[in-house]
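Worksheet for the structure shown next.
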Amino acid sequence: MDAHVSPSRVAGRARAPPSKSYTHRAILAAGYGEGTTVTDPLDSADPRATGRAVEAFGGDVSWAEDASAVDVSGFGGRPGTPDNVVDCANSGTTMRLVTAAAGLADDLVVLTGDESLRSRPQGALLDAVTSLGGRAESTRRNGQAPLVVGDGMTGGTVAIPGDVSSQFVTALLMAGAVTDEGIEVELETELKSAPYVEITREVLADFGVDTERTETGFAVPGGQTYAADEYAVPGDFSSMSYLLAAGAVAAEDGEAVVVEGARPSAQGDSAIVDVLDRMGADIEWDEDAGEITVHQSSLSGVEVDVGDTPDLLPTIAVLGAVADGETRIVNAEHVRYKETDRVAAMAESLERMGASVTETQDSLTVHGGDSDLSGATVQGRGDHRLVMALAVAGLVADGETTVTGAEHVDVSFPDFFETMERLGAGVAVE
């Protein structure tokens with residue numbers, strides 16, 4: 001499916017979907033427990049994959065007809081052995097969180113996913129599960145799925161790198177709470193995407209599970225029980241970033257884009273508000289009301305460290321192509337290990353649209369003063385964040401922009417194009 005985006009002006013009110021990160025964690029936390037109703041969940045492909053994993057482990061996951069809630073009957077701490085292979089589809093979060101959960105099973109669990117997911121690194125997490133008393137192997141012995149995991153992980157202390165994925169820490173903290181010994185994670189390198197671990201700790205606290213920071217990493221005591229009758233998922237700042245960027249580059253003169261559901265939380269991607277402010281955007285966040293208002297603005301390039309906010313790179317790259325001067329996105333090497341290599345993909349796509357960019361292994365510089373965006377056909381590469389960011393670029397490009405793979409927005413923002421159309425964007429999806 002392709003999205004055809006015409007130069008457009010936008011204005012009005014919109015609400016970003018619930019947080020994918022919180023929804024994943026809440027569904028799995030509920031799975032570790034006895035029974036929880038998760039309200040306002042994100043109903044998209046990735047959280048559905050996590051729900052299927054909970055069911056494979058012996059739980060029951062029932063989505064309301066209007067997707068306003070999901071009732072989870074858990075597997076009571078220790079997952080059972082699935083009857084079949086657990087397919088995590090394209091969801092890296094599912095794969096990593098479920099790998100540690102599978103390590104608790106008495107028998108063996110086979111985990112796999114689509115071609116993209118089978119190319120993503122899991123080796124450090126497999127080594128961690130093994131050192132904590134479980135079994136965890138890659139069938140191809142390359143640290144990538146398919147994976148075989150199980151044999152009753154008991155806990156202990158483990159050292160892992162922090163610069164590959166914070167999801168390794170999240171997975172171990174969630175599983176460690178129900179082990180006999182608990183788990184202490186010592187970080188061998190600087191932790192990237194650190195706010196995502198704080199999201200995990202926030203969710204676990206709401207389920208009655210204690211965690212702590214240590215001098216070298218994080219720890220969770222064993223023998224704990226997950227319990228919450230109800231859990232409400234907050235709005236997603238990663239998804240809000242596209243709406244806010246659209247307002248900053250393409251709002252109607254004298255009008256604004258107002259994004260609802262923007263209440264403060266541990267989400268690192270709320271940094272998009274600060275990034276836009278530093279670039280000179282006319283933006284205001286009413287935290288009490290949970291609303292962010294942004295007007296079309298003259299933007300200037302800045303330097304942004306995405307070590308903790310990798311999902312913002314596509315959005316910031318598009319803003320940089322519209323801004324005056326250079327926008328340098330640094331500390332970005334780990335962004336190459338997402339659904340696709342987002343650094344290379346954004347460099348190639350923006351160049352195709354007429355932007356001037358410089359790419360290094362851990363940075364992307366967009367030379368806004370030398371960029372003049374024109375419509376082109378750009379590849380979504382099966383990556384929801386690329387599709388949405390490039391659609392925003394299409395609002396201010398000269399001529400029509402076609403973004404392939406538009407259906408992949410279903411991963412995190414299923415009604416993205418409908419939302420953009422309601423704001424006034426010229427969008428046709430076919």
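Quick notes on this one:
- Qualifying positions in the stretch 138-170 - surrounded by fewer than 24 Cβ atoms within 10 Å (Cβ to Cβ), of a type in the set (Gly, Ala, Ser) and in contact (Cβ under 8 Å) with a residue 60 or more places away in the chain: Gly150
- Considering the stretch 388-430, the residues that are in contact (Cβ under 8 Å) with a residue 60 or more places away in the chain and acidic (Asp, Glu) include one that is farthest from Glu348 (Cα to Cα), namely Asp415.
- Every condition in (1) out of contact with any Ser or Thr (no Cβ under 6 Å at 6 or more places or on another chain); (2) closer than 23 Å to Gly399 by Cβ; (3) β-branched (Val, Ile, Thr) is met by Thr315 except one, and the failing one is (1).
- Selection status of Glu284, within 21 Å of the chain's Cα centre (by Cα) and more than 27 Å from Ser165 (Cβ to Cβ): no
- When restricted to residues that are of a type outside the set (S, T, N, Q) and either closer than 21 Å to Leu299 by Cα or not assigned by TED's automatic domain parsing to the domain that holds Val306 (or both), the stretch 340-374 contains 16.
- Count of residues meeting criterion [more than 14 Å from Tyr32 (Cα to Cα) and surrounded by 14 or more Cβ atoms within 10 Å (Cβ to Cβ)] in the stretch 212-230: 5
- Within the stretch 375-395, tally of residues that are closer than 16 Å to Thr340 by Cβ and part of a loop (DSSP other than H, G, I, E, B): 5
- If the condition is being touching a helix residue (DSSP H, G or I) at 6+ places or on another chain (Cβ under 9 Å) and either surrounded by fewer than 21 Cβ atoms within 10 Å (Cβ to Cβ) or assigned to a loop (DSSP other than H, G, I, E, B) (or both), then the stretch 233-253 contributes Val233, Pro234, Asp236.
- Count - residues of the stretch 171-181 that are over 17 Å from Thr216 (Cβ atoms) and surrounded by 17 or more Cβ atoms within 10 Å (Cβ to Cβ): 6
- For the residues Arg328, Arg263, the requirement of being farther than 26 Å from Asp206 by Cα and not aliphatic (A, V, I, L, M) singles out Arg328.
- Each residue in the stretch 334-358 was checked for being surrounded by fewer than 18 Cβ atoms within 10 Å (Cβ to Cβ) and closer than 17 Å to Val304 by Cβ, and 2 of them qualify.
- Strands (runs of 3 or more DSSP E) contained in the stretch 101-195 and holding at least 3 residues modelled with pLDDT under 95 and outside the structural domain of Ser270 (by TED's automatic domain parsing): none
- Screening Gly80, Gly33, Gly74, Gly58 for residues that are touching a helix residue (DSSP H, G or I) at 6+ places or on another chain (Cβ under 8 Å) and small (Gly, Ala, Ser) leaves exactly one candidate, Gly74.
- Scanning the stretch 42-53 for residues that are crowded, with 24+ Cβ neighbours inside 10 Å and touching a Gly at 6+ places or on another chain (Cβ under 9 Å) yields Ala49, Thr50, Gly51, Ala53.
Conditions (1) part of a helix (DSSP H, G or I); (2) modelled with pLDDT of 95 or more; (3) within 22 Å of the chain's Cα centre (by Cα); (4) assigned by TED's automatic domain parsing to the domain that holds Thr179, marked per residue:
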| site | (1), (2), (3), (4) |
| --- | --- |
| Glu202 | yes, yes, yes, yes |
| Val209 | no, yes, no, yes |
| Phe218 | no, yes, yes, yes |
| Ala228 | no, yes, no, yes |
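- From the list Thr81, Thr99, the one residue that fits, being touching a strand residue (DSSP E or B) at 6+ places or on another chain (Cβ under 9 Å), surrounded by fewer than 16 Cβ atoms within 10 Å (Cβ to Cβ) and not basic (Lys, Arg), is Thr81.
- Residue selection: Asp311 satisfies the criterion of being buried (at least 24 other Cβ atoms within 10 Å of the Cβ) and of a type in the set (Asp, Glu).
The values are calculated or read from the model by the stated rules, or taken from the named source; none is laboratory data. A quick note: this is a predicted structure, and the numbers were derived from the prediction, not measured. Here Cβ is always computed from backbone atoms with ideal geometry, including for glycine, and neighbour counts include all displayed protein chains.
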